[in-house]
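Colleague: Got a structure for you, written out below as structure tokens; questions coming shortly.
The values are calculated or read from the model by the stated rules, or taken from the named source; none is laboratory data. Computed from a predicted structure; not experimentally measured. Note: ideal-geometry Cβ built from the backbone for every residue, glycine included; neighbour counts use all protein chains shown. Calculation scope for accessible area: heavy atoms of the full protein, side chains included, ligands and nucleic acids excluded. Shrake-Rupley method; radii C 1.70, N 1.55, O 1.52, S 1.80 Å.
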Amino acid sequence: MADYFEYENVFLPLKWESFKLLKVFSYIINILVMLKYLFTQKPTTVWIQLPQIFLLWPVLLYKIFSEVEVVADCHN
């Protein structure tokens, strides 16, 4: 799909999953990475497929400051 719709894939896996506190820290890191990406790249459309529902929050925050279209697949 990336070739057809001409978008960039960005994969943000959890860095630590075994210990709950570190898993929360992984979510925070991924949220910050997503925010940095959004505000530096300034996409007009964001396609997001996320088992990590927390990653939808930075996209919605970015939407407040831009006219981005969001396509979300929240399959959890």
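Colleague: Take the range 66-76 and flag every residue that is farther than 18 Å from Met1 by Cβ and either open to solvent by less than 80 Å² (accessible area, probe 1.4 Å) or without any contact (Cβ under 8 Å) to a residue 12 or more places away in the chain (or both).
Modeller: Ser66, Val68
Colleague: Under 6 Å between Cβ atoms, at least 6 apart or on separate chains: pull out the pairs that start in the range 16-30 with a residue that is under 18 Å from Pro58 (Cβ atoms) and end on any residue that is of a type in the set (D, E, K, R).
Modeller: Lys23/Glu17; Ser26/Lys15
Colleague: Right, here's the next one. Taking the range 46-74, which residues are at pLDDT 90 or above and either polar (S, T, N, Q) or in contact with a Pro (Cβ under 6 Å, 6 or more places away or on another chain) (or both)?
Modeller: Ser66
Colleague: If you scan the range 6-45, which residues turn out to be at pLDDT 85 or above and on the phi > 0 side of the Ramachandran plot?
Modeller: Lys42
Colleague: Let me ask another. Inside the range 8-18, can you point out the residues that are of a type outside the set (Asp, Glu) and loosely packed, with under 10 Cβ neighbours inside 10 Å?
Modeller: Matches in the range 8-18: Asn9, Phe11, Pro13, Ser18.
Colleague: Follow-up question, since we're still on this one. What do you reckon, is Val33 surrounded by fewer than 15 Cβ atoms within 10 Å (Cβ to Cβ) and under 14 Å from Val10 (Cα atoms)?
Modeller: Yes: the conditions hold for Val33.
Colleague: Restricting to the range 28-65, and then to whatever is more than 19 Å from Ala2 (Cα to Cα) and of a type in the set (D, E, K, R), can you tell me which residue is nearest to the chain's Cα centre (by Cα)?
Modeller: Checked the range 28-65; the qualifying residue nearest to the chain's Cα centre (by Cα) is Lys36.
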